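The values are calculated or read from the model by the stated rules, or taken from the named source; none is laboratory data. None of these values were measured; they are calculated from a predicted model. When we count neighbours, we look across all protein chains shown, and the Cβ atoms used for this are built from the backbone with ideal geometry, even at glycine.
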Amino acid sequence: MNLQSEIPLDYIVVLSAVVFFVGLLGVVIRRNLISMLMGIELMLNAVNINFAAFNHYLFPNRLEGHFFALIVMAIAAAEAAIAIALIINIYRRFATVSVDDVDELKY
């Protein structure tokens, strides 16, 4: 069963674009820091979908796209760990995770 003959590249790119714009809407519309972090993670996952899809369709015998996707996943994990630590400290300081309520980050 060959995946390339079943699902065209256009469909995968459209799926990736939809996931990216859902993440972008999550960052722009939501005012909660955790929701914004989830939106950023969705955008990074859309990039990973594109890396894997284009690697599969353009270079089927090479793995560069998959390696780039692994690097993006590692960066996303580090970014999420740092962001969650910052969100916890902001919650301890201001007792909220709303972006509108946390407008001053000085002592």
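A few notes on this one:
- Here 65, 26 are screened, and the one residue that is closer than 22 Å to residue 82 by Cα and touching a helix residue (DSSP H, G or I) at 6+ places or on another chain (Cβ under 6 Å) is 26.
- Boolean, residue 26 is of a type outside the set (A, V, I, L, M, F, W, C), farther than 21 Å from residue 103 by Cα and buried (at least 17 other Cβ atoms within 10 Å of the Cβ): no
- Contacts under 8 angstrom Cβ, first residue in the stretch 62-85 being touching a residue at least 40 places away in the same chain (Cβ under 8 Å), partner assigned to a helix (DSSP H, G or I) and charged (D, E, K, R), 6 or more apart: 80/41
- A search for C-beta distances below 6 Å between a residue of the stretch 37-59 that is among the β-branched types (Val, Ile, Thr) and any residue that is surrounded by 18 or more Cβ atoms within 10 Å (Cβ to Cβ) and part of a helix (DSSP H, G or I), counting only pairs 6+ apart in sequence or on different chains, returns 49/16.
- Of the set (1) modelled with pLDDT under 90; (2) surrounded by 11 or more Cβ atoms within 10 Å (Cβ to Cβ); (3) within 30 Å of residue 8 (Cα to Cα), all apply to residue 93 but (3).
- Members of the stretch 53-71 that are within 15 Å of the chain's Cα centre (by Cα) and crowded, with 16+ Cβ neighbours inside 10 Å: 68, 69
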